[in-house]
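The values are calculated or read from the model by the stated rules, or taken from the named source; none is laboratory data. If you're wondering where the values come from, they're calculated on a predicted model, not measured in any experiment. Don't worry about glycine lacking a Cβ; one is built from the backbone with ideal geometry, like all the others, and counts go over all protein chains shown.
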Protein chains: 2
Amino acid sequence: MRDESAAPVLAVDIGGTKIAAGVVSAQGDVLVSDRAPTTLGPDDGDLAIWERLHTLCENVLDAAGRPAIQGVGVGCGGPMRWPAGVVSPVNLLPWRDFPLRDRLSAAYPDVPVRVHNDAVAVVVAEHWRGAGRGVANMLGMVVSTGVGGGLVLGGRLIDGRSGNAGHVGHIVADPTGPECGCGGRGCVEAIARGPALVTWARQQGWRQDDEAATAKHLADDALAGDKIARKAFERAGHAVGIGIASAVALCDLELVVVGGGVSQVGGLLFEPLEQSLRTYARIEFARDVVVRRASLDQNAGIVGAAAFVLAGDQYWAPG
Amino acid sequence: MRDESAAPVLAVDIGGTKIAAGVVSAQGDVLVSDRAPTTLGPDDGDLAIWERLHTLCENVLDAAGRPAIQGVGVGCGGPMRWPAGVVSPVNLLPWRDFPLRDRLSAAYPDVPVRVHNDAVAVVVAEHWRGAGRGVANMLGMVVSTGVGGGLVLGGRLIDGRSGNAGHVGHIVADPTGPECGCGGRGCVEAIARGPALVTWARQQGWRQDDEAATAKHLADDALAGDKIARKAFERAGHAVGIGIASAVALCDLELVVVGGGVSQVGGLLFEPLEQSLRTYARIEFARDVVVRRASLDQNAGIVGAAAFVLAGDQYWAPG
């Protein structure tokens, strides 16, 4: 008799600029993976993106020797209706209320298809196989074009009412701070997301004539010693530290794992982050919370997506 | 054969100014209760308080007809070592590292003795038998001399690493705000706890000659139309609203239940709270979170303490 629990999983990671798919073994190893851009032609609609994704999935299954799979796990940019898997990723305009889970179920019948937020998938990967392994109470953050995250408490992924728990980017870091894309004000994301750093730095005089300047350029300049660029990351670290302090007070965390593009700048973000965290997280139980850098590579999203199926007792509990 | 699950529970609530004990039926009804002050004589030590508590427990058991009990549940002021039940209540100075659970186990052997934070007990009561009944994801708050709380996610009490989850009073509401007793700055508690309201109001000119003025007097004056007093509760509501907005973003809550002495002022707190919450909680999933007033009376602490034993599958999960 075939042991279904030993079968691999088809795992998918759908972000704003690329789609990735992989075949992940029951042990959590990525056997095969591939990726494709989400850049669109002028006539590409929701089905063009779907067909590109389906082809990518078929290709990785072919490359893995067409194994029987025990399920499909997906991390996808939000917002989405969860656990229905009806998605409207902010950065993938043709998909509005796109029935991603139903499409995948039709393509890969008779196995569970589990769709969750892409930042949650990355955090699950860090908890399952990365910097958070073995820790019962942790917050994971992805500081990038947005600021997302996921929450593991008592060893289990926390979903909240609608699968949106972990939105640490919308903790209020400064009630008089800049407007946020969500409509609020002073959210961690409004201050610390990459584009916000760039906007702030340009207001201070950094590369004002360079329309194409990005957070990556800002990081390069900060590492080269540019004062405005360094100050931009310092502001971001300060805001993230306040957000973490509030999360630790509310959830009594032992570990916070921080990853994402903006965090690649290293100490220029993490040092002010630590300073701010230690200033605000002063109640006794919060003082020794540890902040660790994310340890997984660009496959984290695929590994976490696979965990929704392979470790469902910890990471998949809708309803 | 006797059905142990039908037996009542001895429930204890230890606050800063009073001790309460009760016998609670397996259905959650308070059959008997009594209370005693914690005021101390000059020579009263840790054992004097313990003896007063033990006598109170014996009295309520006598009054209930000395039933066999299935356990002892306790809510006690923090901090404490949890789940060890070694307590050091801020407002009960003779108890420092007092082995409350061990004492109760010796007095009432062969049944479980479960000790948790007093604010957590109140929130558990609201979830089990009060305003939060049937809701899977809720935050409960007690706005009083301090600002405490508890967190229920996925239908279960969240403990965090050390039993301290739910400390919503130490979410940062204003990073440039007043110093907090915890050593931090701008915590919800530093702005919204009763004594902080009084301090602020007196700085603005309210009852400056009345050394004995309390938050209760401030509430009376606010309800009578005093402008400074009203503004004091407005500031508190604003801070609490920001704290709730951050908690909703992180935990995807459907309900927040607010109780405690400061909340007795009603709309003068809840209206600015709602306004601030709706200003900051703008991300889509957070917009329709509901804030409800606590519905239980002064027995809430006893009911919640009983729930640690009677509904342990939801509310008691150390380790």
Quiz item: With (1) in contact with a strand residue (DSSP E or B) (Cβ under 9 Å, 6 or more places away or on another chain); (2) buried (at least 22 other Cβ atoms within 10 Å of the Cβ) as the list, and B:Leu197 as the residue in question, which single condition is left unmet?
Solution: (1)
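Residue-wise test of (1) part of a helix (DSSP H, G or I); (2) more than 24 Å from A:Thr145 (Cα to Cα); (3) among the hydrophobic types (A, V, I, L, M, F, W, C); (4) without any contact (Cβ under 8 Å) to a residue 60 or more places away in the chain.
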{"position": "A:Ile19", "(1), (2), (3), (4)": "no, no, yes, yes"}
{"position": "A:Gln27", "(1), (2), (3), (4)": "no, yes, no, yes"}
{"position": "A:Ser33", "(1), (2), (3), (4)": "no, no, no, no"}
{"position": "A:Ala36", "(1), (2), (3), (4)": "no, no, yes, yes"}
{"position": "A:Cys57", "(1), (2), (3), (4)": "yes, yes, yes, yes"}
{"position": "A:Arg66", "(1), (2), (3), (4)": "no, yes, no, yes"}
{"position": "A:Trp95", "(1), (2), (3), (4)": "no, no, yes, yes"}
{"position": "A:Arg101", "(1), (2), (3), (4)": "yes, yes, no, yes"}
Quiz item: Out of (1) within 21 Å of B:Asp297 (Cβ to Cβ); (2) within 20 Å of the chain's Cα centre (by Cα), the odd one out for B:Val87 is which?
Solution: (1)
Quiz item: Looking at the range B:144-155, which of its residues are facing another protein chain (nearest Cβ under 8 Å) and more than 26 Å from B:Gly194 (Cβ to Cβ)?
Solution: B:Leu153, B:Gly154
Quiz item: Considering the range A:113-145 alone, what residues qualify as being part of a loop (DSSP other than H, G, I, E, B) and within 10 Å of the chain's Cα centre (by Cα)?
Solution: A:Ser144
Quiz item: Which one of these does A:Arg101 not meet: (1) out of contact with any helix residue (DSSP H, G or I) (no Cβ under 8 Å at 6 or more places or on another chain); (2) assigned by TED's automatic domain parsing to the domain that holds A:Cys251; (3) surrounded by fewer than 24 Cβ atoms within 10 Å (Cβ to Cβ)?
Solution: (2)
Quiz item: For B:Gln314, which of the numbered conditions (1) within 13 Å of chain A (Cβ to nearest Cβ); (2) over 20 Å from the mean Cα position of the chain (by Cα); (3) surrounded by fewer than 24 Cβ atoms within 10 Å (Cβ to Cβ); (4) part of a helix (DSSP H, G or I) fails to hold?
Solution: (2)
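Among the residues of the range A:1-17, write down those that are crowded, with 23+ Cβ neighbours inside 10 Å and either part of a loop (DSSP other than H, G, I, E, B) or on the phi > 0 side of the Ramachandran plot (or both). Steps first, answer last, please.
Of the residues in the range A:1-17, the ones crowded, with 23+ Cβ neighbours inside 10 Å are A:8-14.
Selection gives A:Pro8 alone.
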Quiz item: Are any residues in the range A:68-85 away from chain B (no Cβ under 14 Å), within 17 Å of A:Gly15 (Cβ to Cβ) and assigned to a strand (DSSP E or B), and if so, which ones?
Solution: A:Gly73, A:Val74, A:Gly75, A:Cys76
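Being surrounded by 24 or more Cβ atoms within 10 Å (Cβ to Cβ), more than 19 Å from the chain's Cα centre (by Cα) and in contact (Cβ under 8 Å) with a residue 40 or more places away in the chain is true for just one of B:Ala245, B:Ala249, B:Ala239. Which residue is that?
Result of the check over B:Ala245, B:Ala249, B:Ala239: B:Ala245.
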Quiz prompt | Hey, B:Val111 of a type in the set (Val, Ile, Thr), more than 8 Å from chain A (Cβ to nearest Cβ) and under 18 Å from B:Leu269 (Cβ atoms) or not | solution = no
Quiz item: Checking A:Gly160 against (1) more than 19 Å from the chain's Cα centre (by Cα); (2) within 13 Å of chain B (Cβ to nearest Cβ); (3) without any contact (Cβ under 8 Å) to a residue 12 or more places away in the chain, which test does it fail?
Solution: (1)
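Take B:Ile302 and tell me if it is facing chain A (nearest Cβ under 10 Å), in a helix (DSSP H, G or I) and not basic (Lys, Arg).
Working: facing chain A (nearest Cβ under 10 Å): no; in a helix (DSSP H, G or I): yes; not basic (Lys, Arg): yes.
Judged against the criteria, B:Ile302 is not a match.
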Practice problem: Among the numbered conditions (1) within 14 Å of chain A (Cβ to nearest Cβ); (2) free of Cβ contacts under 8 Å to residues at least 24 places away in the same chain, tell me where B:Tyr280 comes up short. | Solution: (2)
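Return the only residue of B:Val152, B:Val122, B:Val113, B:Val142 being touching a Leu at 6+ places or on another chain (Cβ under 6 Å) and surrounded by 23 or more Cβ atoms within 10 Å (Cβ to Cβ).
B:Val113
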